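Notes follow the structure.
The values are calculated or read from the model by the stated rules, or taken from the named source; none is laboratory data. This one's a predicted model, so the numbers in the text were calculated from it and none came from an experiment. In this analysis, Cβ positions are derived from the backbone assuming ideal geometry, glycine residues included, and neighbour counts consider all displayed protein chains. Calculation scope for accessible area: heavy atoms of the full protein, side chains included, ligands and nucleic acids excluded. Shrake-Rupley method; radii C 1.70, N 1.55, O 1.52, S 1.80 Å.
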Amino acid sequence: MSAHVGAIKPAYEKVAVNGPFIFWSAPVKTFGRTRWSTVAKGDLYQWLTIRNDNTARKLVALAQALREA
């Protein structure tokens, strides 16, 4: 991960990795200061899907509902 985008800046962003998933967050006002903001310009972009917090929460709820069914 860091080989492609560089080290995170803990003052501006949070990153958690779970298997093939990367959860990244940063306040909008500091987004331009993060190294992750350059990902869209690199080779990794073709392998990414980016979702906002609301969509991620809905996907989690759907996955939980499927698991309970």
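Look through 29, 14, 41 and report the one residue that is open to solvent by 80 Å² or more (accessible area, probe 1.4 Å) and at pLDDT below 80. Steps first, please.
Working: 29 fails: at pLDDT below 80; 14 fails: at pLDDT below 80.
None of the others qualify; the one that does is 41.
Among the residues of the range 2-11 satisfying the criterion of being surrounded by fewer than 17 Cβ atoms within 10 Å (Cβ to Cβ) and at negative phi, which is modelled with the lowest pLDDT? Outline the logic, then answer.
Here is the first cut: in the range 2-11, the ones surrounded by fewer than 17 Cβ atoms within 10 Å (Cβ to Cβ) are 2-4, 6-7, 9-11.
Next cut, at negative phi only: 2-4, 7, 9-11.
Working: 2: 53, 3: 63, 4: 60, 7: 76, 9: 82, 10: 86, 11: 86.
Filtering the range 2-11 for residues that are surrounded by fewer than 17 Cβ atoms within 10 Å (Cβ to Cβ) and at negative phi, the one modelled with the lowest pLDDT comes out as 2.
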Checklist entry - So, in the range 17-26, of the ones that are outside any loop (DSSP other than H, G, I, E, B) and not polar (S, T, N, Q), which residue ends up surrounded by the fewest Cβ atoms within 10 Å (Cβ to Cβ)? => result 21
Checklist outcome for this item: Exactly one of 57, 51 is in a loop (DSSP other than H, G, I, E, B), over 18 Å from residue 7 (Cβ atoms) and under 15 Å from the mean Cα position of the chain (by Cα), and that one is 51
Checklist outcome for this item: Listed by first then second residue, the pairs whose first member lies in the range 15-26 and is closer than 12 Å to residue 56 by Cβ and of a type outside the set (Ser, Thr, Tyr), whose partner is open to solvent by less than 60 Å² (accessible area, probe 1.4 Å) and modelled with pLDDT under 80, with beta carbons under 6 Å and at least 6 positions apart or on separate chains, are 24/36
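Does residue 67 satisfy the criteria of being open to solvent by 100 Å² or more (accessible area, probe 1.4 Å) and in a loop (DSSP other than H, G, I, E, B)?
Working: open to solvent by 100 Å² or more (accessible area, probe 1.4 Å): yes; in a loop (DSSP other than H, G, I, E, B): no.
No, not satisfied.
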